[in-house]
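Shown next, in structure tokens, is the structure this report addresses.
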Amino acid sequence: MTTPSSTRGVRTDGRSGRTRAPWATVLLLGPVATFGSEFWVVAIRGAVGAIQRAQGPFGDWLRESALTLPVYLTAVLAALTWAGRRQGARQQRVRDVALALGVVALATTAVTAVVLAVNAVVDYRLQATLLVTMSSHGTCTGGCLAAGQRSAALLQARAVGLGTLATLVSNLALLGTVVLLRGGRLPVR
């Protein structure tokens, strides 16, 4: 049973008074954001990550996309819920669609930034261990080892920044394409 909310005019479910979730929209945008974002995670790991972790990119992409899908779905749901509350009962305008799309892109990009940061830490630890192993053979010692570790840390930090930017741009493009294919509508409530 649905009743109009007396304060905002948003349809709610009668039991909790919360706005209804736009599940069809969440289930459409979530996988698009997940697979697009995880592409960048795997691509960056292949470019600057530890060699031990860059062996099967396609399988890694599918596996990690499947594992992170619930997190991305939650981010999309939260972003659309926020956009729906902000929009209220008024008719959806182009500005409302653009705002909702931007919020969804930012939310899914934030998830990707966290995934990239975690991957960067793991890759740095593996690379630092490899540098120490190389120094034990006398090929890189003292200042060379410290410089190598510093360079690896900077590389990972830059990769997180550039990966986050690339993800934001691609999320806007992918999610925008989905919205355009749906006739320019983005149901948020």
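Restricting to the range 172-186, what's the tally of residues that are assigned to a loop (DSSP other than H, G, I, E, B) and either on the phi > 0 side of the Ramachandran plot or surrounded by fewer than 16 Cβ atoms within 10 Å (Cβ to Cβ) (or both)? So that I can check it myself, show each step before the final result.
Of all residues in the range 172-186, those assigned to a loop (DSSP other than H, G, I, E, B) come to 182-186.
Okay, now just the ones that are also either on the phi > 0 side of the Ramachandran plot or surrounded by fewer than 16 Cβ atoms within 10 Å (Cβ to Cβ) (or both), so 182-185.
So the count comes out to 4.
Criterion first (touching a helix residue (DSSP H, G or I) at 6+ places or on another chain (Cβ under 7 Å) and farther than 15 Å from TRP40 by Cα) does ALA159 satisfy it?
Details: touching a helix residue (DSSP H, G or I) at 6+ places or on another chain (Cβ under 7 Å): yes; farther than 15 Å from TRP40 by Cα: no.
It is false that ALA159 is touching a helix residue (DSSP H, G or I) at 6+ places or on another chain (Cβ under 7 Å) and farther than 15 Å from TRP40 by Cα.
With (1) farther than 25 Å from VAL121 by Cβ; (2) more than 17 Å from the chain's Cα centre (by Cα); (3) crowded, with 19+ Cβ neighbours inside 10 Å as the list, and GLY49 as the residue in question, which single condition is left unmet?
The number of the failed condition is (1).
What pairs come up if the first residue lies in the range 161-189 and is farther than 15 Å from LEU116 by Cα, the second is part of a loop (DSSP other than H, G, I, E, B) and at pLDDT 95 or above, and their beta carbons are under 8 Å apart, counting only those six or more places apart or on different chains?
Matching pairs, first to second residue: none at all.
For the range 10-40: of the residues being out of contact with any Gly (no Cβ under 6 Å at 6 or more places or on another chain) and aromatic (Phe, Trp, Tyr), which is modelled with the lowest pLDDT?
Ranking the qualifying residues of the range 10-40, first place goes to TRP23.
I need a count of the residues in the range 47-71 that are touching a Lys or Arg at 6+ places or on another chain (Cβ under 9 Å) and part of a helix (DSSP H, G or I).
Residues flagged as touching a Lys or Arg at 6+ places or on another chain (Cβ under 9 Å) and part of a helix (DSSP H, G or I) within the range 47-71 amount to 4.
Considering each of GLY138, GLY148, GLY142, GLY88 in turn, give the residue that is surrounded by 15 or more Cβ atoms within 10 Å (Cβ to Cβ), more than 19 Å from VAL42 (Cβ to Cβ), modelled with pLDDT under 95 and of a type outside the set (Val, Ile, Thr). Spell out how you get there, then give the answer.
Numbers: GLY138 fails: surrounded by 15 or more Cβ atoms within 10 Å (Cβ to Cβ); GLY142 fails: surrounded by 15 or more Cβ atoms within 10 Å (Cβ to Cβ); GLY88 fails: surrounded by 15 or more Cβ atoms within 10 Å (Cβ to Cβ).
None of the other options fit; the residue is GLY148.
In the list THR109, THR81, which residue meets the criterion of being in a helix (DSSP H, G or I), among the polar types (S, T, N, Q) and touching a helix residue (DSSP H, G or I) at 6+ places or on another chain (Cβ under 6 Å)? Outline the logic, then answer.
Numbers: THR81 fails: touching a helix residue (DSSP H, G or I) at 6+ places or on another chain (Cβ under 6 Å).
On inspection, the qualifying residue turns out to be THR109.
The values are calculated or read from the model by the stated rules, or taken from the named source; none is laboratory data. None of these values were measured; they are calculated from a predicted model. Please note: Cβ atoms are built from the backbone with ideal geometry, for glycine as well, and neighbour counts cover all protein chains shown.
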